[in-house]
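Inspection log for the structure reproduced underneath, given as structure tokens.
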Amino acid sequence: MKILQFSGGIDSLACLLLLRDMDDLTVLTVVTDGVYSSTLDYLEKIHAAFPSLHYVTRHSYRRISEYGHPVDVVPLRWTAVGQLARGKKDVRYQDAYSCCNRGFWEPLDQASRELGATVIYRGQRHEDRLRAPVLDGHVDRGVELRFPLADWTRQRVFQYVEEQAPELMPPGYDQNEATSRDCWDCTAYLQDNHQRITNLPFAQHKRVNGLLARWRDDVETEMEA
């Protein structure tokens, strides 16, 4: 079975457009407990646009209350172990990669293998700052990983989508957001997420900015200790 791991971002869409006529293609998406409502609406739009494809959507839970909010710099005394050591429980943090692994990467891999994947397609490109440390065609535990956009630039991806299906441009990109809308309450990847946070509705924006302000204070306290 061939599986496209579809995030709802523009690279995933470009892959879908490239592979849409492929036989035996399943489009797999994982959504978390922080999913945007606009992302769910967008997935329905994609399903309607390519009705002949097979779609699977899995739900995951990041367990933020247990592991903490994802951040780019982790103040140790506010991690789960740090709070245990100092005997105080308040706001808690974890590294961003652990949160993404729990919410997306591990569930995607597990679901792909449960579905019987022999080939997995992803929208990974060489110029991505965050990418798997393997090349197109790598075989992992019997499953071949394919990256059709590996040599593409971001500009080429946008140009291809605008030529092929401008009406399917994912939400957020028209508001200068840099990535797919994964979790609205994400407090990490600030290099890419600044505009996405700015675009949040008032209540959500206030919530995320409040968490970021507290996190900055905690990082400064940790550094001064």
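Once you have the Cα-Cα distance between residue 190 and residue 44, take 0.36 nm times their residue separation minus that, and quote the gain in nm to one decimal.
Additional length available on full extension: 49.7 nm.
What does the extension gain come out to for residue 127 and residue 33, with contour length at 0.36 nm per residue minus their alpha carbon separation?
Length gained, residue 127 through residue 33: 30.9 nm.
State the answer as a single residue: which of 139, 73, 39 lies farthest towards the positive end of the charge dipole of the stretch 24-151, with beta carbon charges of +1 for Lys and Arg and -1 for Asp and Glu, about the Cα centre.
So the residue we want is 73.
Excluding same-chain residues fewer than 8 positions from residue 2, which aspartates and glutamates have a Cα within less than 19 Å of its Cα?
Here the aspartates and glutamates satisfying the reach criterion relative to residue 2 are 11, 21, 23, 24, 106, 109, 114, 136, 140, 144.
Based on the Cβ-Cβ distance of residue 81 and residue 223, what FRET efficiency does E = 1/(1 + (r/R0)^6) give at R0 = 25 Å, to the nearest 0.05?
0.85
Among 182, 24, which comes first, second and so on when ranked by fewest other beta-carbon atoms within 10 Å?
Going from sparsest to densest Cβ surroundings: 24, 182.
Given 4 °C and 1.567 mPa s, how large is the Stokes-Einstein diffusion coefficient of the chain in µm²/s, with Rh as the Kirkwood radius over Cα pairs?
69
Under 5 Å between amide H atoms, partner at least 5 residues away or on a different chain: which partners does residue 72 have, H built in plane at 1.01 Å?
Placed amide hydrogens put 189 under 5 Å from residue 72.
Throughout, read-outs are computed from the coordinates displayed, never taken from laboratory work. Since this is a predicted model, take the numbers as computed values, not measurements. With ideal geometry, Cβ positions are generated from the backbone for all residues, glycine too; neighbour counts draw on all protein chains shown.
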